[in-house]
Amino acid sequence: QVQLVESGGGLVQAGGSLRLSCAASGRTFSTYTMGWFRQAPGKEREFVAAISWHGSTTYYADSVKGRFTISRDNAKNTVYMQMNSLKPEDTAVYYCAATRVRWTVTQNEFDYWGQGTQVTVSS
């Protein structure tokens, strides 16, 4: 089992940047596919980005492609998401998630979730 704790959210103006971090407990972090999801007010939670256990494969939602970058440091049990050129529509609670599925971007295949961190982008 793995526990996830997100940090790095906050309030930023449109066009600004934030870097989210997700710290994981446990000695098997390097075996998990990791993902970021987000939920805006009144909307369902949606996929944002995912990274394979070895870090060489990444995948992004079209809405963030070219602006967000997911990365991981297995030595630090941490996954990151650098968010640039933020837009008001990026406002949401961002969740980190983990799965032992070798590769997936399907939300219901992620077994472990953090508590979320709020990102608010003002216009």
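Just so you know, all these numbers are worked out from the coordinates, no wet-lab data involved. Note that the structure is predicted; figures quoted are calculated from it, not measured. FYI the Cβ positions are ideal-geometry reconstructions off the backbone, even for glycines, and counts take in every protein chain you see.
Just a few scattered comments:
- Separation in nanometres of the label points that stand 7 Å from Cα toward Cβ, at Lys87 and Ser123: 1.2 nm
- Rg and Dmax, both from the Cα atoms of the chain and both in Å, are 13.3, 42.
- Taking Ser71, Ser56, Ser30 in turn, the Gaussian network model of the chain (Cα-Cα springs below 10 Å) assigns the largest fluctuation to Ser56.
- Working from label points 7 Å from Cα in the Cα-to-Cβ sense, the Ser17 to Thr69 distance is 0.8 nm.
- Modelled this way, with points 7 Å down the Cα-to-C-beta line, the labels at Ala40 and Tyr59 are 2.2 nm from one another.
- Peptides ranked, highest mean first, by Cβ atoms within 10 Å: ranges 19-26, 99-106: 19-26, 99-106
- Share, in percent, of DSSP beta bridges within the chain that are antiparallel, nearest 5: 90 percent
- Remark: the chain carries a charge dipole of roughly 240 debye about the Cα centre, counting +1 on each Lys and Arg Cβ and -1 on each Asp and Glu Cβ.
- Comparing Asn74, Asn108, Asn84 in a Gaussian network model of the chain (Cα springs below 10 Å), the most mobile by mean-square fluctuation is Asn108.
- Annotation for segment 6-70: chymotrypsin sites (Phe, Trp or Tyr not before Pro) lying in DSSP loop with at most 13 further Cβ atoms inside 10 Å of their Cβ do not exist.
- Over the chain, relative contact order from alpha-carbon pairs under 8 Å, at least 6 apart, %: 36 percent
- Residue with peak Gaussian network fluctuation, the chain [Cα springs, cutoff 10 Å], from Gly55, Gly16, Gly42: Gly42
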